[in-house]
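What follows is one structure encoded as structure tokens, with my remarks underneath.
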Amino acid sequence: MGKGNEKKEEWLNSFVNVAQKIGNQIYLRSLRDSFATIMPLFILAGLAILVNAVFLDPTGFMSSVINENTMITWQNWGNIITNATLNIAGLLLALSMGYHLAKNKGYDNPIGVATAVVPAFLTLLPLMVSLTPSGSDNAISFSGIISYAQIGSKGIFAAIITGILATELYIWLTKSDKMKINLGENVPPAVGKSFNTMIPLILTVSLFAFASFLVQLTGNDFMSLIERFIQEPLRGVGTSLPGYLLLVTLGNLLFGFGIHQSVVTGPILDPLLLVNMNENMAAQAAGEEIPYIMNSAFHQVFGALMGGTGNTIALIIAIFIFSKYRPYRDLSKLAIGPNLFNINEPIIFGMPIVFNLPMIIPFVLSPIVGTLIGYFATVAGLVDKCVVNIPWTTPPIISGYLATAGDWRASVLQVIIILVLVFLYLPFLKISERVAKANTEVEF
């Protein structure tokens with residue numbers, strides 16, 4: 001029995017170590033840091049879209065108060081914000097990725113790397129852009145134009161790839177003394193550093209431009225190839241219902257062993273969901289049909305993060321209603337405040353849920369149940385698709401209303417999901433209570 005426990009413990013430690021190594025992998029860590037840096041801009045875009053869709057909608061509830069032409073005119077303010085944030089998502093990510101990867105590698109001039117990554121990313125754009133003039137059915141090719149579509153959400157994976165490759169190349173080149181131009185000690189430090197890195201920067205951008213030139217000789221461009229052969233296949237798998245559930249389940253299982261899901265599965269899932277989210281927001285801003293159910297906001301509103309990872313708001317409600325075990329009730333009183341804003345580390349590590357098998361099971365199952373209810377309710381047209389990228393700390397019920405640009409039915413659906421999950425957590429809560437009482441040998 002002792003040997004069996006030792007082997008089990010050894011296997012568990014090995015599993016945890018592997019997961020931690022994956023989570024600490026420098027590219028995944030840099031990607032996570034990059035998205036965290038630019039996420040406030042996407043939330044700003046979401047707020048602009050929310051204002052346009054709810055308060056400035058000519059057919060909405062404010063139409064009796066505000067003139068239709070005034071509404072349409074003021075919607076341009078939100079559209080300008082969208083262009084400056086959401087529609088340059090790829091460009092922003094390239095800049096952020098170059099900076100954070102260089103910083104995580106310990107490079108002393110990360111902003112210098114960023115100045116190489118951005119033009120390297122732009123070299124991937126096609127020289128000619130086909131546009132269809134308003135009122136015409138025929139596309140016309142233009143040169144000297146950068147399309148928002150290419151530097152926006154469709155360019156996110158190109159930005160990730162460029163951020164990694166250009167940063168590695170730039171840093172590698174700067175390590176060679178032959179690549180440095182030394183102007184002596186009498187020049188300002190910023191000027192000296194600029195000349196020291198001039199040749200690596202020139203070579204990095206020139207090599208990317210040459211590679212892009214060779215591809216364009218074939219009638220293609222790197223941006224389109226990356227989108228067609230990398231981004232779209234990954235997104236098709238990762239944001240499908242089975243793919244999403246697999247990644248969420250794996251993330252919560254890892255969290256059950258003390259490894260935060262955002263460390264391992266977050267850098268994989270978040271970019272895929274963000275592309276869908278950005279395209280939904282762009283479609284909403286343009287008044288077009290909303291394409292995707294699975295996106296960043298759905299992930300927060302109905303999926304794995306409503307009321308905290310594992311939907312633990314339902315667990316706290318179950319404790320308040322059905323539990324008489326004082327330690328759990330006392331902990332829930334402390335945890336309910338943060339949990340309302342989707343911060344649930346107090347309940348996860350205080351109860352605990354981690355390394356507590358009776359609680360790990362519903363912790364893993366609850367996002368699956370919530371996702372399935374939310375997904376099929378959306379498919380059936382009972383709630384609108386999520387079109388606003390909301391802050392992750394937005395409380396449940398409010399989050400559903402905001403993420404769907406004012407659909408009250410989404411809030412009702414969140415209440416239904418929480419009630420279902422209360423009863424999912426309940427039997428496992430009772431088992432956990434018995435185990436806790438047995439371990440403390442205290443009668444309540």
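The values are calculated or read from the model by the stated rules, or taken from the named source; none is laboratory data. The structure presented is a predicted model; accordingly, all values stated were derived computationally and were not measured. Positions of Cβ are generated from backbone atoms using ideal geometry, with glycine treated the same way; all protein chains shown enter the neighbour counts. Heads up: the accessible areas ignore ligands, DNA and RNA and are worked out on the full protein's heavy atoms, side chains in. Shrake-Rupley method; radii C 1.70, N 1.55, O 1.52, S 1.80 Å.
Observations on the structure shown:
- Once the chain from Ser63 to Phe210 is taken as fully extended at 0.36 nm per residue, the excess over their C-alpha distance is 47.5 nm.
- The chain - charge dipole about Cα centre, Lys and Arg +1 at Cβ, Asp and Glu -1, debye rounded to 20: 1080 debye
- Dipole orientation for the chain: of the candidates Leu340, Ser411, Pro119, Leu340 has the Cα lying most toward the positive pole (charges on Cβ; Lys, Arg +1; Asp, Glu -1).
- Pairs of Cα atoms nearer than 8 Å and 6+ residues apart set the relative contact order; for the chain it is 15 percent.
- 1.4 Å probe accessible area per residue over the chain, in Å²: 49 Å²
- Choice from Ala286, Ala149, Ala318 showing the highest fluctuation, given a GNM over the chain with Cα pairs closer than 10 Å: Ala286
- Calculated mean residue ellipticity at 222 nm for the chain: -21500 deg cm²/dmol, from DSSP H runs with n ≥ 4 weighted as -39500 (n - 2.57), summed, divided by the residue count and rounded to 500.
- For region 227-337, the relative contact order is 17 percent, taking Cα pairs closer than 8 Å that sit 6 or more residues apart in sequence and dividing their mean separation by the residue count.
- Label-point separation in nm, Phe320 to Asn79, each point 7 Å along Cα→Cβ: 4.5 nm
- Unit charges at the beta carbon, dipole of the chain: most positive-side option, Leu372, Ser134, Thr73: Leu372
- Unit charges at the beta carbon, dipole of the chain: most positive-side option, Leu234, Leu31, Phe322: Phe322
- Square roots of 5 times each gyration tensor eigenvalue, C-alpha, region 316-370, largest first, Å: 17, 14, 12
- Of all accessible heavy-atom area on the chain, the percent that carbon and sulfur account for (1.4 Å): 66 percent
- Cα shape, region 97-223, gyration tensor, a/c 1.5 rule: prolate
- Asp270, Asp177, Asp57, ranked by accessible area, largest first (probe 1.4 Å): Asp177, Asp270, Asp57
- Accessible area of Ile202 (1.4 Å probe, protein heavy atoms only, ligands and nucleic acids ignored): about 90 Å².
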